[in-house]
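Asker: Shown below is the structure under consideration.
The values are calculated or read from the model by the stated rules, or taken from the named source; none is laboratory data. The structure displayed is predicted, hence computed values, not measured ones. Here the Cβ positions follow ideal geometry from the backbone for every residue, glycine too, while neighbour counts run over all protein chains shown. These accessible areas exclude ligands, DNA and RNA; they are computed on the full protein's heavy atoms, side chains included. Shrake-Rupley method; radii C 1.70, N 1.55, O 1.52, S 1.80 Å.
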Amino acid sequence: MQLLPKLSRIEEGEIVYHSEDQGDIVLSKLKKNGKEMRSLRGKDIAMIFQDPMTALNPVYKVGWQIMENIRQHEDVTREEARKRTLDLLIQMGIPEPEKRIDQYPHEYSGGMRQRAVIAMAMSCNPKVLLADEPTTALDVTIQAQIFELMEKLKKEHNTAILLITHDMGVVSEMADDVIVMYMGNVIESGTAREVLKHPVHPYTRALLASIPILGKGKEQQIEPIRGMTPNPHNRPKGCQFEPRCDFSCDACRETMPGEEILEGTHMVRCHCWREVPEK
């Protein structure tokens, strides 16, 4: 989306958006505030940010900010844009939407601000939706409503959703494919069933073991992952997870393991995955 700060840069690789209208577009080569990038940002590619307070402009009314995105990308009147914005606020479960549409961000609660940001992201039915912890500030009832709306967007408008989350319950309900990352590296990937039913990387196993299971009561053993995440400026030489791993070997301390395909699309990067006992 070209939202990185001025001093940042892409070291290598490229990001290609397969547009239905314009064919393949190399996003990493577009000007950050050029006409082509601005036509894609918010319309074809939208984002739900984790912190709604910094995603909303404090000096503009919430309704105006959502309407601005609609009118920027679609040829509609102010009245039509307002009606669509009101419908979005209703869908998001915001109380008194006729009143809230003309209020400022500071007049919203944290959960309501989050829902307003989600409404803005969904306002133009994007083809790619990047959702960074979209329901962190919301209670479970509203979470379910939001995920239902995202599922509807996926089915009715063929939207691809990239969901960034630490909530494994959400992953199991929403995801078709799963990528597990540690210190910026993909360490296991595959379909949701492959990764969640048959995890092989020690980090994936440790993540799943640290989650309480409903119904097992107070007798269940919740195992935290020992140690701390390494300093990104002083990384271990080999596998990044080695200092916290119970199954590491000499090879782990020397080199980062390569990708190994287990079955189907299931991939793991671990020297010692065969040593990890079955669940």
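Asker: Go through the range 225-264 and give me each residue that's within 20 Å of LEU196 (Cβ to Cβ) and either part of a helix (DSSP H, G or I) or open to solvent by 80 Å² or more (accessible area, probe 1.4 Å) (or both).
Answerer: Correct list: GLU259, ILE261, GLU263.
Asker: Does GLU188 satisfy the condition of being touching a strand residue (DSSP E or B) at 6+ places or on another chain (Cβ under 8 Å), open to solvent by less than 40 Å² (accessible area, probe 1.4 Å) and acidic (Asp, Glu)?
Answerer: Yes: the conditions hold for GLU188.
Asker: Within the range 97-132, work out how many residues are of a type in the set (Asp, Glu) and either under 22 Å from GLU148 (Cβ atoms) or touching a Phe, Trp or Tyr at 6+ places or on another chain (Cβ under 8 Å) (or both).
Answerer: 1
Asker: Here is a list of conditions, (1) out of contact with any helix residue (DSSP H, G or I) (no Cβ under 7 Å at 6 or more places or on another chain); (2) over 24 Å from LYS197 (Cβ atoms); (3) touching a residue at least 12 places away in the same chain (Cβ under 8 Å), and LEU149 meets all of them except one; can you say which number that is?
Answerer: Just one mismatch for LEU149, condition (1).
Here's the yes/no breakdown for (1) open to solvent by less than 80 Å² (accessible area, probe 1.4 Å); (2) more than 14 Å from the chain's Cα centre (by Cα); (3) at pLDDT 85 or above:
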| residue | (1), (2), (3) |
| --- | --- |
| ILE142 | yes, yes, no |
| GLN145 | yes, yes, no |
| GLU151 | yes, yes, yes |
| LYS155 | no, yes, yes |
| ALA160 | yes, no, yes |
| LEU163 | yes, no, yes |
| MET174 | yes, no, yes |
| VAL178 | yes, no, yes |
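Asker: Still on this model: Only residues in the range 264-278 that are free of Cβ contacts under 8 Å to residues at least 12 places away in the same chain count as the first member; pair them with residues that are surrounded by fewer than 20 Cβ atoms within 10 Å (Cβ to Cβ) and in a loop (DSSP other than H, G, I, E, B), Cβ under 8 angstrom, at least 6 apart or cross-chain, and list the lot.
Answerer: none
Asker: Identify, please: which residue in the range 265-278 is touching a strand residue (DSSP E or B) at 6+ places or on another chain (Cβ under 6 Å) and in a loop (DSSP other than H, G, I, E, B) and is, among those, most open to solvent (accessible area, probe 1.4 Å)?
Answerer: Out of the qualifying residues, it is THR265.
Asker: Any residue at all in the range 31-46 that is closer than 25 Å to GLU133 by Cβ, open to solvent by 30 Å² or more (accessible area, probe 1.4 Å) and modelled with pLDDT of 90 or more?
Answerer: Within the range 31-46, one or more residues are closer than 25 Å to GLU133 by Cβ, open to solvent by 30 Å² or more (accessible area, probe 1.4 Å) and modelled with pLDDT of 90 or more.
Asker: Turning to a different aspect of this structure: Could you tell me whether VAL59 is loosely packed, with under 15 Cβ neighbours inside 10 Å and either in contact (Cβ under 8 Å) with a residue 40 or more places away in the chain or in contact with a Pro (Cβ under 9 Å, 6 or more places away or on another chain) (or both)?
Answerer: yes
Asker: Let me ask something else about it. Could you please tell me which pairs satisfy a Cβ distance under 8 Å, a separation of 6+ or placement on different chains, a first residue in the range 11-28 that is in contact (Cβ under 8 Å) with a residue 24 or more places away in the chain and within 19 Å of THR159 (Cβ to Cβ), and a second residue that is open to solvent by 100 Å² or more (accessible area, probe 1.4 Å) and part of a strand (DSSP E or B)?
Answerer: Taking only residues 6 or more apart or on different chains, the pairs are TYR17/ASP24.
Asker: So, in the range 191-206, exactly how many residues are open to solvent by 30 Å² or more (accessible area, probe 1.4 Å), under 28 Å from PRO232 (Cα atoms) and touching a strand residue (DSSP E or B) at 6+ places or on another chain (Cβ under 6 Å)?
Answerer: Adding up the residues that qualify gives 1.
Asker: Inside the range 221-262, can you point out the residues that are in contact with a Gly (Cβ under 7 Å, 6 or more places away or on another chain) and not hydrophobic (A, V, I, L, M, F, W, C)?
Answerer: PRO243, ARG244, ARG253, GLU254, THR255
Asker: Find the residue count for the range 104-128, including only residues that are closer than 18 Å to GLU74 by Cα, out of contact with any Gly (no Cβ under 7 Å at 6 or more places or on another chain) and touching a residue at least 40 places away in the same chain (Cβ under 8 Å).
Answerer: 8
Asker: Residues in the range 65-76: is at least one under 20 Å from LEU138 (Cβ atoms), surrounded by 15 or more Cβ atoms within 10 Å (Cβ to Cβ) and within 24 Å of the chain's Cα centre (by Cα)?
Answerer: Within the range 65-76, one or more residues are under 20 Å from LEU138 (Cβ atoms), surrounded by 15 or more Cβ atoms within 10 Å (Cβ to Cβ) and within 24 Å of the chain's Cα centre (by Cα).
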